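Written out below as structure tokens is the structure these notes cover.
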Amino acid sequence: MESEKAELICAEHVTKVFGDSFLAVDHMDFCVRAGEIVGFVGQNGAGKTTMIKMLTGILNATEGKITICGRDIAREPLAAKRSIGYIADNPDIFLRLTGLEFINLMADIYGISKEERMERIEELTEDFEVKQVLDRPMSEYSHGMRQKMMVVSALVHNPPVWILDEPMTGLDPGAAFALKKRMRKHAEEGNCVFFSTHVLEVAEQLCDRILMVRKGQLVYGGTLEALMQSYPERSLEEIFMLINEEA
């Protein structure tokens, strides 16, 4: 039953204040269960990336608690982070490394054996069509090619929890299709995927549930089916605009 599925990501009353008064995330509560793909949607500045950075331990929450696979990320950061595969919203990092050096760096951090990583690197670089540039510095890559390398490096340790910040940005149609397919397969194997997106059609295609956020607050959390039933004869884009106006 749905209620019996393990909660792999859980945010309880999570709040982030920058400086003295800027409230970026306001007492957010949600969980992502095993087997789910959950979309995190909202306008620019809604607090999506800030929330994702707290989920991954890059930022500390001002208030509240975050657990990843039952591990409190504030109290047990290394144990919690070992369960996470993270794709950031900016692929412009470690650009002096070659693609292969970067992937191996990520595999080393997560303690992946040589045999295991070779198999995964072969499979992932084939899927995302980056084999031909692995020996080149990432500074020579296009934005889209860097994004593909971020995807490969995030998935090389095969973590149960995927947290992806705008993962489709810059990907060509083939790579986007490959990532969507892997997201669905990952969830079907009893893991979870939590991803932010501006592309509502992607959320509609992939998500079991969506979390809609506005000005740091959740304004909707539930299935797309229930949302569409509440707003009959409206497109998802129209519903999104209406909820933002109502909020």
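The values are calculated or read from the model by the stated rules, or taken from the named source; none is laboratory data. In this text the structure is predicted, and so the values were computed from the model without any measurement. With ideal geometry, Cβ positions are generated from the backbone for all residues, glycine too; neighbour counts draw on all protein chains shown.
One line per residue, one yes/no per condition, for (1) over 29 Å from Leu59 (Cβ atoms); (2) touching a helix residue (DSSP H, G or I) at 6+ places or on another chain (Cβ under 9 Å); (3) not assigned by TED's automatic domain parsing to the domain that holds Val41:
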| site | (1), (2), (3) |
| --- | --- |
| Leu124 | no, yes, yes |
| Asp135 | yes, yes, yes |
| Ser153 | no, yes, yes |
| Leu164 | no, yes, no |
| Leu171 | no, yes, no |
| Glu189 | yes, no, no |
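Inside the stretch 157-239, counting only strands (runs of 3 or more DSSP E) that do not spill past its ends, which hold 1 or more residues that are out of contact with any Ser or Thr (no Cβ under 6 Å at 6 or more places or on another chain), in contact (Cβ under 8 Å) with a residue 12 or more places away in the chain and among the aromatic types (Phe, Trp, Tyr)?
Per the criteria, 161-165, 192-197, 217-222.
Leu164 versus (1) out of contact with any Asp or Glu (no Cβ under 9 Å at 6 or more places or on another chain); (2) surrounded by fewer than 18 Cβ atoms within 10 Å (Cβ to Cβ): which is the lone unmet condition?
Here Leu164 meets the rest and fails (2).
Residue-wise test of (1) β-branched (Val, Ile, Thr); (2) over 27 Å from Arg214 (Cα atoms); (3) without any contact (Cβ under 8 Å) to a residue 24 or more places away in the chain.
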position	(1), (2), (3)
Ala6	no, yes, no
Cys10	no, no, no
Thr15	yes, no, no
Gly19	no, no, yes
Gly39	no, no, no
Ala74	no, no, yes
Pro77	no, yes, yes
Ile87	yes, no, no
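Answer yes if at least one residue in the stretch 147-170 is of a type in the set (Val, Ile, Thr), modelled with pLDDT under 95 and over 18 Å from Ile103 (Cα atoms), and no otherwise.
Yes.
Which of (1) surrounded by fewer than 17 Cβ atoms within 10 Å (Cβ to Cβ); (2) under 17 Å from the mean Cα position of the chain (by Cα) does Asp72 not meet, given it meets every other one?
It fails just one condition, (2).
Select the helices (runs of 4 or more DSSP H) contained entirely in the stretch 39-133, then report the ones holding at least 1 residues which are of a type in the set (Val, Ile, Thr).
48-55, 99-109, 114-127
Name the one entry in Ile103, Ile73, Ile112 that is assigned by TED's automatic domain parsing to the domain that holds Met183, in contact with a helix residue (DSSP H, G or I) (Cβ under 9 Å, 6 or more places away or on another chain) and within 24 Å of Cys192 (Cβ to Cβ).
On inspection, the qualifying residue turns out to be Ile73.
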